[in-house]
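The block underneath contains the structure these notes are about, expressed in structure tokens.
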Amino acid sequence: MSLNLHGTALIRITEAWHYQPAEAWAIEAEAGNSELRDWTKPDFDDRAWIEARGGFVGGPTLLSQATRLPNFGIHTQTSLFRQRFEVEDVDAIRTLVLRLQYKHGLLLWLNGHLILNEGFDGLSPETLPTDALAALRPDNLFEERDLSHAIPFLVSGKNVLAAQVHASINQISMAFVAELNGNFARPPGVHQLSSDAAVISWRTLKPKQATLSVWTDPEHEPSHHPAGCPGGARNRNNQSAPGTDLLLAGGSGRARRHRNLIDRHIPNTGSTTG
């Protein structure tokens, strides 16, 4: 697996979603003789739905996000969300990870296929009424879900993730914050940048073989020159096992791993090959 700093974040937390109260859609679907689950399909026309930036909260909750649904808990107990995203090469997606915060029940479809059902003791969505109430979930709970089983439903090009979020029996409120990543639980990022070092961090759900390529001059990108060129550093095929320290052989680069997070400090000059 090669580490690529771009293209792994399929849906970012702050991207805009289309949403609508589930009760409003149920009335619309009945009037138009549409199937109740038509809204989960990729070719559904959601241009008339409200568009707003994620994440979302509604009802009596202390959680704060970019968008608050004004009528949640008054006229509706369930909200529907749709997000389009692009996959450049579906064959390059080896794992699919959803980072999310939600309250209190969640049904999730990928391109019309149900891939997640939480808060309803495994009951089928077909048996759940639109205004069904889910089990209570605590505030401020941010979690990850391995959705790799849903990779066969991905296509190269346009895809649609659809979410149905329910209030709970004990609390008529909701929250929905989602980030979808391919191959990483948390995509690679560069930080703590200085004149002679940088920290590159990422996280995977499971240990992975990784290749790290770093360069400072576009003319010396690894695609133009192999590892060992001026201004570039490459660390090949290191096993990133949880709880281990990894030293890059042959140079001053070093790696630290804490709680399944790798921090690699790579000099921005010279060459390191492991």
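Annotations
- Residues (more than 20 Å from ASN170 (Cβ to Cβ), of a type in the set (A, V, I, L, M, F, W, C) and more than 23 Å from the chain's Cα centre (by Cα)) located in the stretch 18-77: ALA24, TRP25, ALA26, ILE27, ALA29, ALA31, LEU36, ALA48
- Test: residue in the stretch 119-136 that is among the hydroxyl-bearing types (Ser, Thr, Tyr), farther than 27 Å from LEU63 by Cα and assigned to a loop (DSSP other than H, G, I, E, B): yes
- When residues of the stretch 65-84 are limited to those that are among the charged types (D, E, K, R) and in contact (Cβ under 8 Å) with a residue 60 or more places away in the chain, the one nearest to PRO21 (Cα to Cα): ARG82
- The set of residues in the stretch 40-63 that are over 21 Å from LEU100 (Cα atoms) and touching a residue at least 60 places away in the same chain (Cβ under 8 Å) comprises LYS41, PRO42, PHE44.
- Flag if PHE184 is surrounded by fewer than 19 Cβ atoms within 10 Å (Cβ to Cβ), touching a strand residue (DSSP E or B) at 6+ places or on another chain (Cβ under 9 Å) and more than 17 Å from HIS113 (Cβ to Cβ): no
- Test: residue in the stretch 134-151 that is in contact with a helix residue (DSSP H, G or I) (Cβ under 9 Å, 6 or more places away or on another chain) and among the hydrophobic types (A, V, I, L, M, F, W, C): yes
- Inspection of the stretch 72-79 identifies at least one residue that is assigned to a loop (DSSP other than H, G, I, E, B), surrounded by fewer than 24 Cβ atoms within 10 Å (Cβ to Cβ) and touching a helix residue (DSSP H, G or I) at 6+ places or on another chain (Cβ under 8 Å).
- Complete set of residues in the stretch 84-118 that are part of a loop (DSSP other than H, G, I, E, B) and touching a Lys or Arg at 6+ places or on another chain (Cβ under 7 Å): HIS104, GLY112
- Pair list, Cβ < 7 Å and 6+ apart or interchain, from the stretch 137-154 residues that are on the phi < 0 side of the Ramachandran plot to residues that are assigned to a helix (DSSP H, G or I): LEU154/VAL90
- Within the stretch 10-54, the residues that satisfy the criterion of being among the basic types (Lys, Arg) and either in contact with an Asp or Glu (Cβ under 7 Å, 6 or more places away or on another chain) or in a strand (DSSP E or B) (or both) are ARG12, ARG53.
- Qualifying residue in the stretch 143-156 (condition: assigned to a strand (DSSP E or B), within 21 Å of ALA26 (Cβ to Cβ), touching a Leu at 6+ places or on another chain (Cβ under 8 Å) and not small (Gly, Ala, Ser)): no
- Members of the stretch 51-70 that are of a type in the set (Val, Ile, Thr) and either at pLDDT below 90 or loosely packed, with under 14 Cβ neighbours inside 10 Å (or both): THR61
- Residue match in the stretch 16-39 (condition: at pLDDT 90 or above, β-branched (Val, Ile, Thr) and buried (at least 17 other Cβ atoms within 10 Å of the Cβ)): no
- Verdict on GLU118 being surrounded by fewer than 17 Cβ atoms within 10 Å (Cβ to Cβ) and of a type outside the set (Ser, Thr, Tyr): no
- Considering the stretch 121-150, the residues that are surrounded by fewer than 17 Cβ atoms within 10 Å (Cβ to Cβ) and among the hydrophobic types (A, V, I, L, M, F, W, C) include one that is nearest to LYS41 (Cα to Cα), namely LEU123.
The values are calculated or read from the model by the stated rules, or taken from the named source; none is laboratory data. On a predicted model such as this, the values are computed, not experimentally measured, just so you know. Using ideal geometry, Cβ is built from the backbone for each residue, glycine included, and neighbour counts are taken over all protein chains shown.
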